[in-house]
Every structure is written in structure tokens, then in C-alpha cells.
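The values are calculated or read from the model by the stated rules, or taken from the named source; none is laboratory data. Since the structure is predicted, the reported quantities are computational estimates derived from the model, not experimental observations. We place every Cβ from the backbone using ideal geometry, glycine too, and count neighbours over all the protein chains shown.
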Amino acid sequence: MTEQKITGSHNLILENRNRLELTGVTDVDSFDENLIRLYTQLGELEIRGKKLHVNSMDVSSGNLSVEGDINALVYGDKDRRKKPSFVAKIFR
């Protein structure tokens, strides 16, 4: 099994479980006040909580700021760094 080289970086800072600063964000798939699903340089990430609000997103730098009651940060597939196509979603 060959290991893939990771390009770019991804960091997050969680302050008091109500403010989250992220870097290395490549795409935001969906968001509402209970779930934010996004993609980073290192794979999928789901942010779960209540009253979640995206304060800012800078597409060129990949920075994202979120506020709300953050309950969970769940990482998914490491190899998925961008939104899958419609056809890929069907066969998922």
C-alpha cells in the first residue's frame, strides 16, 4: 500500500467550545444551525452543534470562522478534499 503525500495544511483552534477558527478549507458542502459539512486539505470535516453561524470565509486563503455551541468535530474520508460529483453521491 503506497502512502499519499499531503499537500497544504489544515489547522483548527477551538475556543471555549463556542468559537472555531479553521485554515486549509477547500470547500463548504452545506451548513445550517446544527451541522456544517466542509472539506479541508486533509479531508472531510463535520462540525456539529447548535446555533452554528459561519462568521467569515475567505476562499482564497481557506480560512473559516464559526460561532455557536460546538458539540463535535468529526473527520471523514482523508482522501476526499472536495465535494463529490452528483454521480459519485448516488453511488456512495
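Just to verify a result, which residue in the range 1-25, among those that are surrounded by fewer than 18 Cβ atoms within 10 Å (Cβ to Cβ) and β-branched (Val, Ile, Thr), is modelled with the lowest pLDDT? Walk me through how you get there before you give the answer.
Restricting attention to the range 1-25, the residues satisfying the condition of being surrounded by fewer than 18 Cβ atoms within 10 Å (Cβ to Cβ) are 1-9, 11-19, 21, 23.
Next, only the ones that are β-branched (Val, Ile, Thr) stay: 2, 6-7, 13, 23.
Numbers: Thr2: 45, Ile6: 50, Thr7: 61, Ile13: 97, Thr23: 96.
Only one residue fits best here, namely Thr2.
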**OP:** Can you work out which of the residues in the range 63-85 that are part of a loop (DSSP other than H, G, I, E, B) and either of a type in the set (Asp, Glu) or farther than 16 Å from Ser30 by Cα (or both) is modelled with the lowest pLDDT?
**Re:** Asp79
**OP:** Would you check which residues across the range 25-40 are more than 9 Å from the chain's Cα centre (by Cα) and either under 14 Å from Met57 (Cβ atoms) or of a type outside the set (Asp, Glu) (or both) and list them?
**Re:** Ser30, Phe31, Asn34, Leu35
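Can you give me the number of residues within the range 26-70 that are free of Cβ contacts under 8 Å to residues at least 24 places away in the same chain and either crowded, with 20+ Cβ neighbours inside 10 Å or more than 17 Å from Gly8 (Cβ to Cβ) (or both)? Walk me through it before giving the result.
Of the residues in the range 26-70, the ones free of Cβ contacts under 8 Å to residues at least 24 places away in the same chain are 30-32, 34-35, 37, 49-53, 55-56, 58-60.
In the following step, the residues that additionally are either crowded, with 20+ Cβ neighbours inside 10 Å or more than 17 Å from Gly8 (Cβ to Cβ) (or both) were identified as 30-32, 34-35, 37, 49-53, 55-56.
Qualifying residue count for the region: 13.
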